[in-house]
Structure formats: structure tokens, C-alpha cells
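The values are calculated or read from the model by the stated rules, or taken from the named source; none is laboratory data. Nothing here was measured: the structure is a model prediction, and the numbers come from that model. Cβ atoms come from the backbone with ideal geometry, glycine included; neighbour counts cover every protein chain shown. Just so you know, the surface numbers come from the protein's heavy atoms only, side chains and all, with ligands and any DNA or RNA stripped out. Shrake-Rupley method; radii C 1.70, N 1.55, O 1.52, S 1.80 Å.
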Amino acid sequence: MKSYRKELWVETKRRREFLNITPQVQACLLESGIREGLLLCNAMHITASVFINDDEQGLHRDFENFLERIAPEKPHDQYFHNGSEDNADAHIKRSVMGREVMVAITEGKLDFGPWEQIFYGEFDGRRKKRILVKIIGE
Amino acid sequence: MKSYRKELWVETKRRREFLNITPQVQACLLESGIREGLLLCNAMHITASVFINDDEQGLHRDFENFLERIAPEKPHDQYFHNGSEDNADAHIKRSVMGREVMVAITEGKLDFGPWEQIFYGEFDGRRKKRILVKIIGE
Amino acid sequence: MKSYRKELWVETKRRREFLNITPQVQACLLESGIREGLLLCNAMHITASVFINDDEQGLHRDFENFLERIAPEKPHDQYFHNGSEDNADAHIKRSVMGREVMVAITEGKLDFGPWEQIFYGEFDGRRKKRILVKIIGE
């Protein structure tokens, strides 16, 4: 069994942003040399997500609007968590979108359907954050 | 380490539908010959889910009502994604329900609690779609 | 390839409660002797979650309020599932928060970012329930 680990670093300019990290994850897979196995990609921070969906700007605006409607950022004092913090909404948004994805590795490739792309969803950005890529297989 | 891969094909009659795919996933496991390991089952399309819950028709109607309440299909023009498309709600619904499940494989079986069943959740159906089953172990 | 399996038992006093199970999961990892691999931790019941977030009481109250707002427990008869049952809301809440987490195992440790902690989210408690820990690796 082979095992591979890498941290990807990101820093968004805005508080909330979606970044397509598929090329970086593919580069990890290539570097690992693993051809059959499973790949885990997770946010290492609890106000961010890793999820799979479509790379379409309109859809990303729809995600933003949806998440703001069900768990709005403001007013900050609507949340118990926001005594010294102001990011309770980011913890909730990340929970809805998910922390991690598992991807099958087949013949050295991310085993994806036609439109699947991996996104980092930042909900409390403007600081350095990390994403973990772990691959096990052969 | 052994590795197994199979695509399951589905086509629902309605736009939104929940299908119990546990028997097909169990058949994959049997075919794989793997007795200890991990099984990944994921939708290969970004308007569909794979999730684990109860096989109870009333509950499935509750899921439908819940998802329609938080991310309604219509009016289509409430979503930026719906310029040439009409399925933004399906992308959101799938994000809430999740893309994939991981199941422990123990002594050749899906290592499940008493009521766990695997469902394919279709949110933009009436066309052929695929589900991926990947198993690694021994 | 090594494989490890353990069931953790829990019983909450209230219908809804969040329990930090990180110490128990770490004990499983130590017992397994696995140093490189993947760990699956999932609720074995379909009205409960396992998720990763912050161990902060205010935030947990915010999660409770958020989930009650989007999928309220009462009135029970708003749900089709609640003929003989009264826990449809618990099935929905668990779907939003997720059934399982996957954690990378690196150098014998849960490969976590600074604040990541594993929680069991109970949404229909006051009875004995199980959590599965499955680890594969070397």
C-alpha cells in the first residue's frame, strides 16, 4: 500500500469565495504515482468546505445566495458563537456544503463524471488556510 | 490490496426521485470478493446525490418538501445559473443531501446499522445517469 | 493492509445533543496500530450525524437554532413520516449535518487542522446508539 500527503495553501481576497482546486489535486495525484485507490481532500479549517460541483459562475452566485438566505452572516449578534468571533455563519455554511470529498482513483486518474470539479469553499477568508490531500492505494 | 470499480446506470421517470440502490451495491461487493476495506459510492453527476437513510415513503416525501422549501425549483429565473439551464435548484439540493457515502466493509458485508440503506437521490432526472462504486481492501 | 473496527456506544439525556468523541476515536487509532491510512467514523443510526467542527458551546446552540429553523421538530404532524413516528425532523437534520467523516491518518495521528474535533450529533436521543470506527492502512 502506498500513501501520499500534501497540504495546499490558499488565501482568498473576499470573505466568501469558491476556488476550483481540481488542477492542484490532479498534480498531487500525478506526484503520488498511485494508480488505484482512494483520495481524500478536506478543508483543514472549520469555516471552509471542499465539495464537488460545476465550474459555472452563475451557479456559484446561486450557492452564495442560498447559503446567505438559510444562514445569513448579519446581524452578527444573532449567533451565540459571535461574542468575540463574527463567523458563526461560516461554520454553518461549511456544514451545509460539507468538509471533504472522497474521489476514486482509477488508472492513475480522478475517476469523475462529465462535469465534476473539486472546489474549495471559503466562508471566512482573507487569511491563509490549508487543504489536505491524502491518497492511499497502489 | 484489491481494487474494484463498477458503474451503475439509472434513469428516473420523474425529475426528482429517490431510488434504493442497496441491492446493486451489495452485488458489487459480492462480485469484488473484498472482505475488509472501504467502499465509496458516489453520484457521477452534479445534480444527483448518494446518501444513506431510511427506506420509508413518507420520509421521502418529507425530504422532497424540505428541499423544495429551502431551494425551490420554480420560478426558474430566480437563479443566475438558469440562463440556458433550468436545474440550479438540483445542484443546490444535491449539495445539501451530499454527493457520496463511504461504507465500511467487514467480513464481506456492508457494515451497517439496523436501518441504513443507500439511496440515489435524483434532482434533475428523465435522462441516463451513472453512479460509481469503488471498493478497496483485501 | 491492516484493518480495524470498533463500535462506540452513546446515550444522550436530551433528544438533541452534540458530543465530542475525538478522544474515543483517538483511542481507537492508537489501539489499531495503524500509522498511515484512512479512518471512517459514521453514525450507525439514521437520525444521528458524525461531523467535524469546533468545540464551542455557543456554536452548538447556533447549530441547534439553525437546524430547528430549517427543519423544526414540531408540530409533529407536518411530516408524512410521523404517522407512528415523531422523528422525521431528526432524519432531515442528520442529512444536513452529514452521516460520516473521513480522516487522514498520518504518522499514527488524526491528521487535523488547528480546531478540528469530531462530534456525534444526536437528533433523536434518549436511547442507546452506536458509532462505527473503521480504519484501513498500515
Provide a single number: the residues in region B:102-138 that are within 17 Å of the chain's Cα centre (by Cα), part of a loop (DSSP other than H, G, I, E, B), within 12 Å of chain C (Cβ to nearest Cβ) and over 27 Å from B:I70 (Cβ atoms). 1
Looking at this structure, is A:F18 in contact with a Gly (Cβ under 7 Å, 6 or more places away or on another chain), of a type in the set (F, W, Y) and within 21 Å of C:F112 (Cα to Cα)? no
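Listed here are the residues, each with its yes/no results for (1) modelled with pLDDT of 95 or more; (2) within 21 Å of A:D55 (Cα to Cα); (3) small (G, A, S).
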residue	(1), (2), (3)
B:L8	yes, no, no
B:E17	yes, no, no
B:C41	yes, no, no
B:F80	yes, yes, no
B:A88	yes, yes, yes
Among what's in region C:84-95 and is within 16 Å of A:G98 (Cα to Cα) and open to solvent by less than 10 Å² (accessible area, probe 1.4 Å), pick the residue that is nearest to the other protein chains (Cβ to nearest Cβ). C:I92
Those residues of region A:57-80 which are hydrophobic (A, V, I, L, M, F, W, C) and over 17 Å from C:G58 (Cβ atoms), in sequence order: A:L59, A:F63, A:F66, A:L67, A:I70
Condition (residue is farther than 29 Å from C:L8 by Cα and in contact with a strand residue (DSSP E or B) (Cβ under 9 Å, 6 or more places away or on another chain)) applied to region B:74-92: is it met by at least one residue? yes
For C:G98, the lone unmet condition from (1) without any contact (Cβ under 8 Å) to a residue 40 or more places away in the chain; (2) within 20 Å of B:E56 (Cα to Cα); (3) within 11 Å of chain A (Cβ to nearest Cβ) is (1)
When you scan region B:81-91, do you find a residue that is among the small types (G, A, S), in contact with a Phe, Trp or Tyr (Cβ under 7 Å, 6 or more places away or on another chain) and not in a strand (DSSP E or B), even just one? yes
Name every residue in region C:31-43 that is touching a residue at least 40 places away in the same chain (Cβ under 8 Å) and either outside any loop (DSSP other than H, G, I, E, B) or crowded, with 22+ Cβ neighbours inside 10 Å (or both), in order of residue number. C:S32, C:E36, C:G37, C:L38, C:L39, C:L40, C:C41, C:N42, C:A43
Does any residue of region C:5-22 turn out to be without any contact (Cβ under 8 Å) to a residue 60 or more places away in the chain, on the phi < 0 side of the Ramachandran plot and part of a helix (DSSP H, G or I)? no
Filtered residues of region B:22-47 (kept if of a type in the set (A, V, I, L, M) and either within 13 Å of chain A (Cβ to nearest Cβ) or touching a His at 6+ places or on another chain (Cβ under 9 Å) (or both)): B:I34, B:L38, B:L39, B:L40, B:A43, B:M44, B:I46
Kindly evaluate C:E64 against the criterion of being over 15 Å from C:F119 (Cα atoms), among the charged types (D, E, K, R) and outside any strand (DSSP E or B). no
So C:V50, is it surrounded by fewer than 24 Cβ atoms within 10 Å (Cβ to Cβ), part of a strand (DSSP E or B), among the hydrophobic types (A, V, I, L, M, F, W, C) and within 12 Å of chain B (Cβ to nearest Cβ): no
Residues of region A:57-78 satisfying the condition of being open to solvent by 60 Å² or more (accessible area, probe 1.4 Å) and of a type in the set (D, E): A:D77
